[in-house]
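Asks: This is the structure, below, for whatever I ask next.
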Amino acid sequence: MMDNVYQDGDFGFKPLNDLILIEPIRAAVRQGGLIVASAEVLRPTRGKVLAVGPGKPHEKTGKIEPIPVKAGDVVLFTIGSIQEVKVEGRTLSLINASALLGVEA
């Protein structure tokens, strides 16, 4: 995982609408000195936000509803919401804002 925080457009990819580009955070599970891969480790539900889209228009008013996260936030999201994309040779996750469960404080 890279430590730097990207701002929108820093690496040639800007999500559209209510999409969020996330770098998955995979936690290693140790049992007696061995690293054990479980289904939860292979399918992360935690990640670092790299870029966010501008938001999605509200159905009735047409006003853009902003996304409640920004680059650098660590978020929790649902497993089934992940769409993997390759950006600059890295495999990242693209999710809808509605798939967010929360932001780590």
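The values are calculated or read from the model by the stated rules, or taken from the named source; none is laboratory data. Not measured: the values here are computed from a predicted model. Glycine gets a Cβ as well: all are built from the backbone with ideal geometry, and neighbour counts include every protein chain shown.
Asks: Surrounded by fewer than 14 Cβ atoms within 10 Å (Cβ to Cβ) and at pLDDT 90 or above: which single residue out of THR61, THR78, THR91 fits that description?
Replies: On inspection, the qualifying residue turns out to be THR61.
Asks: Working only within the range 17-55, note down all residues that are modelled with pLDDT of 90 or more and either more than 10 Å from the chain's Cα centre (by Cα) or β-branched (Val, Ile, Thr) (or both).
Replies: Selection gives ASN17, ASP18, ILE20, ILE22, VAL49, VAL52, GLY53, PRO54, GLY55.
Asks: Is there any pair with a first residue in the range 53-74 that is free of Cβ contacts under 8 Å to residues at least 12 places away in the same chain and a second that is surrounded by 14 or more Cβ atoms within 10 Å (Cβ to Cβ) and of a type in the set (Val, Ile, Thr) whose Cβ atoms are under 6 Å apart and which are 6 or more apart or on different chains, and what are they?
Replies: Once the first residue is free of Cβ contacts under 8 Å to residues at least 12 places away in the same chain and sits in the range 53-74, its partners that are surrounded by 14 or more Cβ atoms within 10 Å (Cβ to Cβ) and of a type in the set (Val, Ile, Thr) give PRO57/ILE64.
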